[in-house]
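Below: one structure, written as structure tokens.
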Amino acid sequence: MDIYKIISQAVDLVETHLDDEELDISFLAKRLYVSPFYFQRVFKALVGKPIGTYIRERRLTEAGTEIKLGASVLDVTLKYGYDSQEAFTRAFRQFHGMSPGAAKKGVILSCCPPVNTDHLIKGAMKMDIKIEKENAFQIAVLTQSFQAETANAEIPRFWDAYYEKGYHQSVPPMLGVCLSDGSEFDYGIGSLKDYCSDIPEGFQILSVPAALWGKFYTTGAIPDAIQKLWPEVYKWIAFSDYEIVPGFDFECYSEGDTTKDDYVSGIWIALKHK
């Protein structure tokens, strides 16, 4: 997976299909031959906003320009796939801070320009990075499905529930495991199987194949540190000599106080040379 190439192609596809009502994450991922899960996370990491938000803001930017040039609000509403003029007006007002009618008066509107992929740069977050081969191993995890756009808020609650139910006493929460599955993704909490004293009902035993792993570590309180680390990892990979092998991604948690600034956590992603 050449991340930089995928983002460049995605930006071009968005521009040529802005008035296509089928334009969404699945539409783009299918044409780019990537998992919707990975595509959405990679796009947000490099561009700074979810792909759905980017598409909406690009459409509203173009809609504002067309209305200022004399296009009717109804025509623009239909062109950009809104179900009603009321829904379009609400979205327009939220983005531009005014109604479509006010936009006809020559005022300055908000603007989301097309992403200039030449300006995408590496992240600046401090990371310790290792590229190492690992043999196959097994993990025991409790999984739950999440939407990428709301996962940052929902996954910490999943962790809280894991501790409240006492699972940590038999399956140490060493790992947060990201699994791709269509437009949603499954996230699991668990451990290497060999570290489990017992495996409660509802947990899965998963086999992880041998692979070359990119191991990225940082320090800081959880969940803030790990959430900030993800986009930096994707940025590093985008400009490296490696590409992602889809399958398992791991968040790795050490022993210690997760609220401290010196707490160590990391991310493992399977890689291969481009």
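Read-outs: derived from the displayed coordinates by stated rules, not from any lab. Quantities reported herein were computed from a predicted structural model and do not represent experimental measurements. Quick reminder, even Gly has a Cβ in these numbers, built from the backbone with ideal geometry, and neighbours come from all protein chains shown.
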If contacts are Cα pairs under 8 angstrom and at least 6 residues apart, what is the relative contact order of the chain in percent? 21 percent
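Relative contact order for region 128-273: what percent, with Cα pairs under 8 Å and sequence separation of 6 or more?
Working: 289 pairs, mean separation 44.8, N = 146.
Relative contact order comes out at 31 percent.
Taking the radius of gyration and the Kirkwood hydrodynamic radius from Cα positions alone, what is the Rg/Rh ratio for the chain, to two decimal places?
Numbers: Rg = 21.6 Å, Rh = 20.7 Å.
Rg divided by Rh gives 1.04.
Per DSSP H run of n ≥ 4, the term is -39500 (n - 2.57); total these for the chain, divide by its residue number, and report the mean residue ellipticity at 222 nm rounded to 500 deg cm²/dmol. Present the calculation step by step, with values, prior to reporting the outcome.
Details: 9 runs with 104 residues, N = 274.
Roughly -11500 deg cm²/dmol at 222 nm, from the helical runs in the chain.
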Roughly speaking, what is the centre-to-centre gap between region 208-269 and region 31-60 when only Cα atoms are used, to the nearest Å? 21 Å
Exposure proxy ranking, count of Cβ atoms within 10 Å, fewest first, for Asp75, Asp83: Asp83, Asp75
The computed P(r) of region 1-146 puts the percent of Cα pairs beyond 28 Å at 36 percent
Computed over region 128-273, the Cα gyration tensor eigenvalues, each multiplied by 5 and square-rooted, give semi-axes in Å (largest first) of 23, 18, 16
With the cut-off at 30 Å, tell me which of the pairs Lys44/Lys274; Lys215/Lys260; Lys5/Lys105 have Cα atoms farther apart than that. Lys5/Lys105
To make sure I understand, if each residue's beta carbon is the centre and we count other beta carbons within 10 Å, what order do Ser265, Ser99, Ser197 fall in, fewest to most? Ser197, Ser99, Ser265
Name the helices (complete DSSP H segments) of the chain with a Cα length along the long axis of 18 Å or more and a Kyte-Doolittle mean of at least -1.0, or state none. 3-16, 51-68, 151-164, 224-238
